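Quick notes on the structure that follows.
The values are calculated or read from the model by the stated rules, or taken from the named source; none is laboratory data. Quick caveat: nothing in here was measured; it's all calculated off a predicted structure. Cβ placement follows ideal geometry from the backbone for every residue including glycine, while neighbour counts extend to all protein chains displayed. The protein model used for the area step is the full one, side chains on, heavy atoms only, and it has no ligands, DNA or RNA in it. Shrake-Rupley method; radii C 1.70, N 1.55, O 1.52, S 1.80 Å.
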Amino acid sequence: MTPPPSSQPLLLLTHQLLSAVSVLVLDLLGPSPDPDAARKRRRTDGDGDEAGPATPVAPPPPLPPPSPPLPLPPTSPDHYPLAFRVSAPTFHYLSGLLDPLLSHPSLPCPTLLALALARLASGLPYPALAALFRVPPSAPRAASRRLRRVLLANFRFWLAFPSDPAGASSSPLPSCRGALACARFAGPGGPLAAQLVAGASSRILSLAAGFRGDRADLEVLRLSSLHQELEQGKLLNPAQYLVADGNGYPLLRWLMLPFEGPVVPGSPEAHFNTAHKAMCRPARRAIRSLMGWGAIARLHEEESPRAAVTCIGTCAMLHNVLLAREDYSALAPEEGEEEAETDLGAMQSRRDHAAEEGFKVDKRAVALRSALAATMNDWRTPA
């Protein structure tokens, strides 16, 4: 969960942020008035007898209505998904679970949990949260730090790769344990890359965050402990494998890619590619769910790259807890076919063609993919 030693934070793109804010302010204020505009309009209107009637100018589109204020602190169970991205029962479950650990001399555990979840869900500044909850100014920051520290120190098993392969039975591909994807987020010191594996239910099975965002997907994979464990056969048995989301990976014996080039419709290769695409959707859904947390959407406002990494890890753990409790308050909606064909912001892959060519073609991987394609006629892909 912590950045690798070789990761070097990039420079903060402050000038770009200021430029974006300046453009937004100018856009809201509108163009500056021109003192000669009235005279120019009169002359134009006067000349219109020869040139014909002037074309009417369409009125500017109305500004979108402002977002409703968040119900902080919530006063109804219906407010909890909006305020905390968790249901009221899940909030009380977490409060009881963390009560001995989220200790504070003056604030009870439910208040600390509410402050920390409100920060993660909304990304609001700490002073604003302190004013909304009427707590000391230092309380929201302390609560946020405490929750992240407690979860990452005591509940890392929520992100552990499961040893039970029962979940593979619901996979669109036989014996597939999950989909590999690499996402990029705007961190405080520049872009950050995070690699994850997600199962068919969008549960995050593995997470490694904190790599420089300019690293290629394959480089991130080779720097992660996941690559070493897969190469050593510690996570998968010989008949199991992952699929790769994006086009930045080579075909390996434990990493299946779709067949390249046009395939004959209705052929085993076409059925395999369809099932492969279906297996990759839950990984993209998991990433979009992470992006839905306000703190991750405003990750560049974190104090340091390390704090940004702990934020990503905390949201990933909460994502899994919610799925385990069948609480879908923070789960992104399923993507459509058109959306699946496009790069979705943080999910853009980065390729390293030289590194990919350095991998020798694994005949076992080619044989396994062909064997899987041959069984596609007997394996129904969920709609």
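Odds and ends about this structure:
- For residue 157, the accessible area of its heavy atoms, probed at 1.4 Å with every protein chain present, is near 120 square angstrom.
- Ranking 229, 302 from most to least accessible surface, computed with a 1.4 Å probe over the protein chains only, gives 229, 302.
- Packing rank of 256-269, 279-292, where each peptide gets the mean count of other beta carbons within 10 Å, highest leading: 279-292, 256-269
- Accessible-area composition of the range 85-195, carbon plus sulfur, in percent [1.4 Å probe]: 61 percent
- Sites residue 138 and residue 76 - FRET efficiency at Förster radius 41 Å, r taken between beta-carbons, to 0.05: 0.90
- Sorting 138, 202 on solvent-accessible area from highest to lowest, probe radius 1.4 Å, gives 138, 202.
- A simple spin-label model places the labels of residue 234 and residue 156 1.2 nm from each other, with each point 7 Å out along Cα-to-Cβ.
- Surface accessible to a 1.4 Å probe, per residue, for the residues of the range 78-155, Å²: 44 Å²
- Computed with every protein chain present, the accessible area of residue 95 is close to 20 Å² [probe 1.4 Å].
- Where N is the number of residues in the range 78-155, Cα Rg divided by 2.2 N^0.38 Å: 1.00
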